[in-house]
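Here is the structure we will look at, set down as structure tokens.
The values are calculated or read from the model by the stated rules, or taken from the named source; none is laboratory data. What you see is a predicted model; the values in this text were computed from it and never measured. Note: ideal-geometry Cβ built from the backbone for every residue, glycine included; neighbour counts use all protein chains shown. With ligands, DNA and RNA removed, areas are computed over all heavy atoms of the protein, side chains included. Shrake-Rupley method; radii C 1.70, N 1.55, O 1.52, S 1.80 Å.
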Amino acid sequence: MEINLLPLDQNKSIDIDTTCNFTNFEGTDIQKMTEVKVTGTITKDVADDYLINLNIQGTMTLPDSLTLEPVEYPFDINVDENLEEVAENFKKSDKTIDILPIIWENILMEIPIRVTGKNSKALKTEGEGWSFVEDNPGTNNSLSKLKDLF
């Protein structure tokens, strides 16, 4: 999605109101994604820096961390960055920029480490000779023996 930055020399901003479809999820846990709605503006400030302000909304489908069943995970991302710093690699020329990679990078940063659905709550947590024990993130048992040395 190439944006021509030339109108910024005459105007104060370029409005963005579009939808994007992503289909290649290779290297991610994303199974599918709804159409992504992107709205925002690109402006030029008094220092001749380009500023991008975007709102990115959609829903991605991820595997449940416990059952691997598909779970829909909605996202609503706000991007407010200096375009010169964020998009140096995405410039096609001095006056055009492709914002699709910027949108994709922000979606990738929104993917949670773990996601669980409604069906995960009904899973068995104990049985004959076993039980599920959740670690306390505040303790590190592998290093607990070191405290006895001091």
(message) For the structure I just gave you, tell me whether Ile97 is crowded, with 16+ Cβ neighbours inside 10 Å, farther than 28 Å from Ile113 by Cα and in contact (Cβ under 8 Å) with a residue 60 or more places away in the chain.
(response) yes
(request) Would you check which residues across region 109-133 are at pLDDT below 65 and open to solvent by 100 Å² or more (accessible area, probe 1.4 Å) and list them? (result) Lys121, Lys124
(request) Determine whether region 3-14 contains at least one residue that is under 22 Å from the mean Cα position of the chain (by Cα) and surrounded by fewer than 17 Cβ atoms within 10 Å (Cβ to Cβ). (result) no
(message) Just to be sure I understand, how many residues within region 59-78 are touching a Lys or Arg at 6+ places or on another chain (Cβ under 8 Å), of a type in the set (Ser, Thr, Tyr) and in a strand (DSSP E or B)?
(response) 1
(message) Being in a helix (DSSP H, G or I) and of a type outside the set (Phe, Trp, Tyr) is the filter here; which residues of region 101-117 pass it?
(response) Pro101, Ile102, Ile103, Glu105, Asn106, Ile107, Leu108, Met109, Glu110
(message) Suppose we keep only residues that are open to solvent by less than 80 Å² (accessible area, probe 1.4 Å) and without any contact (Cβ under 8 Å) to a residue 24 or more places away in the chain within region 15-35. Which one would you say is nearest to Asn82 (Cα to Cα)?
(response) Thr18
(request) Filter region 36-86 down to the residues that are without any contact (Cβ under 8 Å) to a residue 40 or more places away in the chain and in contact with a Gly (Cβ under 7 Å, 6 or more places away or on another chain), then identify the one that is least open to solvent (accessible area, probe 1.4 Å). (result) Phe75
